[in-house]
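*Asks:* One structure is given below, represented as structure tokens, and several questions about it will come after.
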Amino acid sequence: MLFGQSVFQSVLERLKAEDETAEEVEAPAAHRVSGLGTGLAFDVLEGVSVASQRVGQAYFDNLEHEPAGVEQPAPALPPEPVMPDHLTRTAPQEVAAELAISAADTPLTLSEKRRAFARANHPDSVALPFRDNATKRMMLANLLIDEALRRLR
């Protein structure tokens, strides 16, 4: 506290006093923006319209420069995805045959088979129209591997 006031209060009073003296010395010009030290000025190049200086307008200004009679080719559509052959096999016997689970499998080999099957069949790694088949295959494979793991315990 300085002289019975906090530092904040003394700074506020000093700023008020400075503002009052500045107003007495010079009245602000009408063309100036309050708070800016200088006025605003815009440069316009000779022969360049202000509208063409806007980014969005530049696109429309150049449309008229397209050669007449020349049609732009339509954008090529992506090719239709083709379902891989392994995704057509959704029967439990077919998935079991792919996994080739045997009595000699250990928990380690079964987890390796699960990961390998997931790399090839996970629904997130196939095209959208084939995700249902991939989901069925993953569910069957997980069920078969979980059942084999239960039998080992």
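*Asks:* Using the Cβ atoms and a cut-off under 14 Å, what net charge is assigned to the surroundings of residue 121, where Lys and Arg are +1 and Asp and Glu are -1?
*Replies:* In short, +3.
*Asks:* Under 13 Å from a label point 7 Å along Cα→Cβ of residue 103: give me every residue in the range 138-153 with its amide N that close.
*Replies:* 152
*Asks:* What FRET efficiency do you get for residue 88 and residue 153 if R0 is 25 Å and r is their Cβ-Cβ distance, rounded to the nearest 0.05?
*Replies:* So, using R0 = 25 Å, E works out to roughly 0.15.
Read the figures in this text as sums done on the coordinates, not as results from a lab. It should be emphasised that the depicted structure is a prediction, and the values quoted were computed from it without experimental measurement. Positions of Cβ are backbone-derived with ideal geometry, glycine not excepted, and every protein chain shown enters the neighbour counts.
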